[in-house]
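Encoded as structure tokens, the structure appears first; notes follow it.
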Amino acid sequence: MERELFDVLDCTGRRAGEVIGRDEAHASGAWHGAFHCLMVYPRGGRPAALFQRRAAEKKIAPGLLDVTVGGHYASGEDASSAGPREIAEELGLAVPYADLVPLGRRVALYCFTPGVREQEFQDVFLLPREGRPELLTLQPGEVDAVLEMDVETGIGMFGGGGPATGRLIDAAGAETEVMVRPEDFVPCIDSYYLKMLVLARRYCAGERSALAI
């Protein structure tokens, strides 16, 4: 299997002129870049968001929920090249970079798995759609299902309102109503999912300025 290489970034998020393998980056805590996006669309007259459930075989946060699409930048990539590539790989959708709404850069730290210290500069986007895609082709080994959640319901849950319901759609397209809690999502220390849902609500309400993570 070809070794996946990342550009090492300095503490400002600029390329440091070195490359590093995925495993070495996650073991050493070397800063590297990543793409994240959250798909939002109207559902029954209300905004909904789509989250992915990470595959059970993932080394980091297996089986937990995350934003719709997320992935590392290979060496030499940036958001404009990696974003459409990651969306196509993980969901089977052809999405031009121009369809993405930039929300800025997140400084993300993950240290919840023994032996893993992941430090990323994540370029974060919304992906507005007119509705939920009819057919998704989920990438085996990366994504095993997606979760549709009402945006207001998600805000209530992450704001301390207790468990919430959503619709889980598996790789075959079968839907199941499920109950989810904040601990079913990739752990973070910055209220990331709450912030993303608030930004989704603002965007769906027509706001187009000062949308920043």
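Each reported figure results from applying straightforward, stated rules to the coordinates on display, with no laboratory input. Remember, it's a predicted structure, so these values are computed and weren't measured experimentally. Glycine gets a Cβ as well: all are built from the backbone with ideal geometry, and neighbour counts include every protein chain shown.
Using the basic label-point model (7 angstrom from Cα toward the beta carbon), what is the Ala16 to Ile60 distance in nanometres?
Output for this residue pair reads 1.6 nm.
For the ranges 147-158, 12-23, 125-136, what's the packing order if you count other beta-carbon atoms within 10 Å of each residue, average per peptide, and put the highest first?
The densest-packed peptide leads the list: 147-158, 125-136, 12-23.
Rounded, prolate or oblate for the range 10-64? Axes are the square roots of the Cα gyration tensor eigenvalues, ordered a ≥ b ≥ c, and the cut-off for rounded is a/c under 1.5.
Judged from the Cα gyration tensor, the range 10-64 comes out oblate (a/c at least 1.5, b/c at or above a/b).
About its Cα centre, what dipole magnitude does the chain give when the only charges are +1 on Lys and Arg Cβ and -1 on Asp and Glu Cβ, stated in debye to the nearest 20?
The dipole magnitude comes to about 620 debye.
So if I take the centroid of the Cα atoms in the range 37-99 and the same for the range 151-179, what is the distance between those two points in Å?
Here the answer is 17 Å between Cα centres.
Taking other Cβ within 10 Å of each residue's Cβ, how do Ser209, Ser81 sort, fewest first?
Ser209, Ser81
Quick one: order Phe112, Phe121 by neighbouring beta-carbon count within 10 Å, fewest to most.
Sorted ascending by nearby Cβ count, the order is Phe112, Phe121.
Given bins 5 angstrom wide, list per bin the percent of all Cα-Cα distances in the chain, short to long.
1, 7, 15, 20, 22, 18, 10, 5, 2, 0
Taking neighbour counts of Cβ atoms within 10 Å as a proxy for exposure, in what order, fewest first, do Leu211, Leu50 appear? Could the numbers behind the result be given before it?
Working: Leu211 15, Leu50 25.
In order of increasing Cβ crowding within 10 Å: Leu211, Leu50.
Which trypsin sites (Lys or Arg not before Pro) does the range 157-213 hold that lie in a coil by DSSP with at most 10 other beta carbons within 10 Å?
Answer by residue number: Arg208.
Using each residue's phi in the range 101-110, evaluate 6.51 cos²θ - 1.76 cosθ + 1.60 at θ = phi - 60° and report the 3J(HN,Hα) Karplus result to the nearest Hz, with x for Gly and Pro.
My calculation for the range 101-110 gives 9, x, 10, x, 10, 9, 9, 10, 10, 10 Hz in order.
Can you work out ³J(HN,Hα) from phi for every residue in the range 136-152, in order, using Karplus 6.51 cos²θ - 1.76 cosθ + 1.60 and θ = phi - 60°, giving whole Hz and x for Gly and Pro?
Listing the rounded values in order: 10, 10, 6, 6, x, x, 10, 10, 10, 5, 10, 10, 8, 9, 4, 4, 5 Hz.
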